[in-house]
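The values are calculated or read from the model by the stated rules, or taken from the named source; none is laboratory data. From a predicted model like this one, the values you see are computed outputs, not experimental measurements. Using ideal geometry, Cβ is built from the backbone for each residue, glycine included, and neighbour counts are taken over all protein chains shown. These area figures cover heavy atoms from the full protein model, side chains too; ligands, DNA and RNA do not enter into them. Shrake-Rupley method; radii C 1.70, N 1.55, O 1.52, S 1.80 Å.
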Amino acid sequence: MDRIRIRGGNRLNGRIEISGAKNAALPLMIASLLSEETLTLHRVPRLADVRMLQRILQNHGVDITVAGKRPGQNGHHGETMRLNAKSIVDTTAPYELVSKMRASFWVLAPLIARCGEAKVSLPGGCAIGTRPVDLHILALEKLGAQVTIEGGYVIARAPKGLIGGNIDFAKVSVGATHAALLGAVTAHGDTIITNAAREPEIGDVADCLVKMGARIEGIGTSTLRITGVPRLTGAEHTVIPDRIETGTYAMATAMAGGDVLLAGARPDTLETVTAVLKQAGVDLRATNEGLRVMRNGAGIEPVNVETQPYPGFPTDLQAQFMALMCGAKGTSVIRETIFENRFMHVQELARLGADIHLHGDSAEVRGTGKLTGAQVMATDLRASVSLVIAGLAAEGETMLHRVYHLDRGFETLEEKLVACGAEVERVVGQ
Ligand code: EPU
C-alpha cells in the first residue's frame, strides 16, 4: 500500500488549480442513466471514486469514453467523459460494487425512473456513521414506487412509471435530495421537494438536468418545484469547482503560512468557511482567478465552529479545520452535527502532539502551536487530508499510511502541494 511522507515546516507559495467537485461529478455521471442520448461532462476529476462509479455504470450498460489528455494539458483540469445510456442492460447494482462507495446507491432513482424497476444493494456501513437510507426510500415512495428490502437489497418497482408528488424531508440530506430530483424530472406530473439540501453540487446537477430538458424551479433553494417531462436529451456540462478541495488548500495554506492562489475556485460557494478563516486571522481575497489565501507571520486565533448543512460550515471540512485549530493560540470547540462518528482523526492528530478532548459530539481543541511528525493512519477521505495539513506544519517527518482514502477524493494532491514548495512524496507500496 502506498504511503505519503511529509517533511513539515515549509511555507506554501504559488498557485493550485482547483479540480472539478467529486460530489458533483458522481451524481452528474449517474444522471446519464436518465437519457438515451450522450451526456458529455467536462472537468471530471481523476479519482478512484470516479473510476469505481464508471465500473458500476458500465455494469448497467452505460457506454463511457474518456477523452485523452491534449498536449500541454496538465492533470489538474480533469478529463472529458462521454456517457451514453442508450440501453440499460441490467437494473441490479450488486453488493460487491455498491459496498465500496456509498454514492453508487444513488443509481436507484434513475433506474426506476427509466426502467420501472431496480434492485440496489444497501450501501456498506461507512466509517463516519450509520448513514441510513430511509429518506431515499421515502422520496421514491412519494413518487409512487413500491419499495421493499430483501436480502440486503432495496427493490423498487414502478411498472407504470413514477408519478409526481410532494416530498417533505424531515431532515436535510444531500443524497436523498439527489434521489428525489433524479426520480422527479421524468415522472408524470409535478413534484415539490421541501427542506431540500442546498449544497452547490445539487444546484450543479439540477443545472445539468435543465440542459437535458428537465423543468426545475427554485434551484439553489430549499424548495424545488419540478414539472415532469417525458424524456431527457443529451447535454454538455462542466463540473463545478470543488469547494471542499478549495477549503482544504485554504486551511493547508493557513496552517503552513504563505501565499497561494486557488485558481478556478468559486468563493461564493464557501462563504461560511472564508468567514471562519478570516476570524482565525487568515487573509482571504476573492480575485478574478479564484481565491487568494495568505498568512504571513501572525498566529492562528481559535474559532468555535459547528457543522451544518449548506450554507453552514461543511462536515467535509471539519477534520481539516480541526488540524488548523491544533496550531491555534488557544482553545476552540468543534461540534459535529451531521455524522455521529466523524472524529476518527482525533486519535491520529494526537500522535502528532495535538491536545484534543472529546465530549459527545464536540471536540475541545487546545491549540499547542507546535506539532511533531509521526506515523499516522488515514481512516477516511477527509480525515486523511487533515493529517496531511497537520504534517505540513509539524516539525520533522510525518508518514501517512493507507493513502488510498486520499486517492478517492483528491486529484494529484502531492503534485499540487509540491508545486507550492511543500516537501511531500508518495512512497509506492510493494
Ligand atoms: N440520513 C438519514 N437518512 C437518509 C439519508 C441520510 O438519516 O436516508 C442522515 C445521515 O445519516 C446524516 C445526514 O442525514 O446524518 C446527512 O447525510 P446526507 O444524506 O446529506 O449525506 P450523503 O448524501 O450520504 C453527502 C456527501 C458526503 C457529505 C454529506 C454531507 C457525496 C457523494 N457525499 O453524503 O461527502 O459528507 O453529503 O454534506 O456527495 C465526502 O465527500 O467525504 C463525503 C462523505
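Multiply the residue gap between residue 227 and residue 370 by 0.36 nm, knock off their C-alpha separation, and tell me the result in nm, one decimal place.
Difference between extended and current length: 45.9 nm.
By per-residue mean of other Cβ atoms within 10 Å, what is the highest-first order of 164-177, 277-290?
Descending packing order for the listed peptides: 164-177, 277-290.
From the square roots a ≥ b ≥ c of the eigenvalues of the alpha-carbon gyration tensor of the stretch 76-231, which class results: rounded (a/c under 1.5), prolate (a/b over b/c), or oblate? List each step's numbers first, then the result.
On the way: a/c = 1.22, a/b = 1.16, b/c = 1.05.
Since a/c stays below 1.5, the shape of the stretch 76-231 is classed as rounded.
Check the straight Cα-Cα distances from residue 329 and name the lysines below 22 Å, setting aside those fewer than 8 residues away within the same chain.
Here the lysines satisfying the reach criterion relative to residue 329 are 278, 370.
Shape call for the stretch 237-343 from the C-alpha gyration tensor, a ≥ b ≥ c root eigenvalues: rounded (a/c under 1.5), prolate (a/b greater than b/c) or oblate?
Cα axes put the stretch 237-343 in the oblate bin.
What's the Cα-based Rg to Rh of the chain, Rh via Kirkwood?
Rg/Rh: 0.98.
Normalise the Debye intensity by I(0) for the stretch 155-265, one equal point scatterer per Cα, no solvent, then take log10 at q = 0.23 Å⁻¹ and round to two decimals.
With no solvent term, the Cα-only Debye profile gives -1.22.
Using 1/(1 + (r/R0)^6) with R0 = 45 angstrom and r between the beta carbons of residue 3 and residue 215, what's the FRET efficiency to the nearest 0.05? All intermediate terms of the calculation are to be shown ahead of the outcome.
On the way: r = 50 Å, r/R0 = 1.11.
That pair, residue 3 with residue 215, gives E of 0.35.
Mind listing the Cα extents of the stretch 305-423 along all three principal axes, in Å, largest one first?
35, 29, 23
May I ask you to evaluate 6.51 cos²θ - 1.76 cosθ + 1.60, the Karplus curve with θ = phi - 60°, for each residue of the stretch 304-321 and list the ³J(HN,Hα) values in order in whole Hz, giving x for glycine and proline?
7, 9, 9, 6, 8, x, 4, x, x, 6, x, 4, 6, 10, 5, 5, 5, 5
Within a Cβ distance under 14 Å of residue 135, other residues only, what is the Lys/Arg minus Asp/Glu net charge? Write down the numbers at each step before the final one.
Numbers: positive: 102, 131, 142, 171; negative: 134, 141, 168.
After counting each charged neighbour, the total is +1.
Full extension from residue 347 to residue 279: what is 0.36 nm times the residue separation minus their Cα-Cα distance, to one decimal in nm?
21.8 nm
Run the accessible area of the chain with a 1.4 Å probe and give the carbon-and-sulfur part as a rounded percent.
Result for the chain: 47 percent of the exposed heavy-atom area is carbon or sulfur.
Using helices alone, I'd like the mean residue ellipticity at 222 nm for the chain: each DSSP H run of four-plus residues gives -39500 (n - 2.57), total over residue count, nearest 500.
-8500 deg cm²/dmol
With unit charges on the beta carbons (Lys and Arg positive, Asp and Glu negative) and the dipole taken about the Cα centre of the chain, which residue among 235, 170, 369 sits farthest to the positive side?
My answer, from the dipole projection, is 235.
If you average the C-alpha positions of the stretch 364-400 and of the stretch 1-66 separately, how far apart do those two centres end up, in angstrom?
26 Å
With everything on Cα atoms, drop me the angle between helix 243-256 and the longest principal axis of the chain, reported from 0 to 90° to the nearest 10.
Long axis of 243-256 versus the principal axis of the chain: about 0 degrees.
Checking the a/c ratio against 1.5 first, then a/b against b/c, what shape does the Cα gyration tensor give for the stretch 118-201? Let's see the in-between values first.
Numbers: a/c = 2.21, a/b = 1.14, b/c = 1.95.
Oblate, since a/c reaches 1.5 and b/c is not below a/b.
If you count, for each residue, the other Cβ atoms within 10 Å and average over each peptide, how do 104-112, 5-13, 234-242 line up from highest to lowest?
104-112, 234-242, 5-13
Residues of the stretch 239-273 with backbone nitrogen within less than 15 Å of a virtual label 7 Å along the Cα-to-Cβ line of residue 15, please, listed as ranges.
Once the point is set 7 Å along Cα→Cβ of residue 15, 259-265 turn out to lie under 15 Å by backbone N, inside the stretch 239-273.
In the chain, what % of DSSP beta bridges are antiparallel (nearest 5)? Provide the component values of the computation, followed by the final result.
Working: 58 of 83 bridges.
Here the share of antiparallel DSSP bridges comes out near 70 percent.
Figure the gain on full extension for residue 340 and residue 268 (residue separation times 0.36 nm, minus the Cα-Cα span) and round it to one decimal in nm.
Here the answer is 23.1 nm.
So for the pair residue 160, residue 188, with labels modelled 7 Å out along Cα→Cβ, what separation do we get in nm?
Rounded to a tenth, the inter-label distance reads 0.5 nm.
For helix 381-393, report the angle its Cα long axis makes with the longest principal axis of the Cα atoms of the chain; keep it between 0 and 90° and round to the nearest 10°.
20 degrees
If you fit an axis through the alpha-carbon atoms of helix 174-184 and take the longest principal axis of the Cα set of the chain, what angle between them do you get, 0 to 90°, nearest 10?
In the chain, helix 174-184 runs at an angle near 20 degrees to the longest axis.
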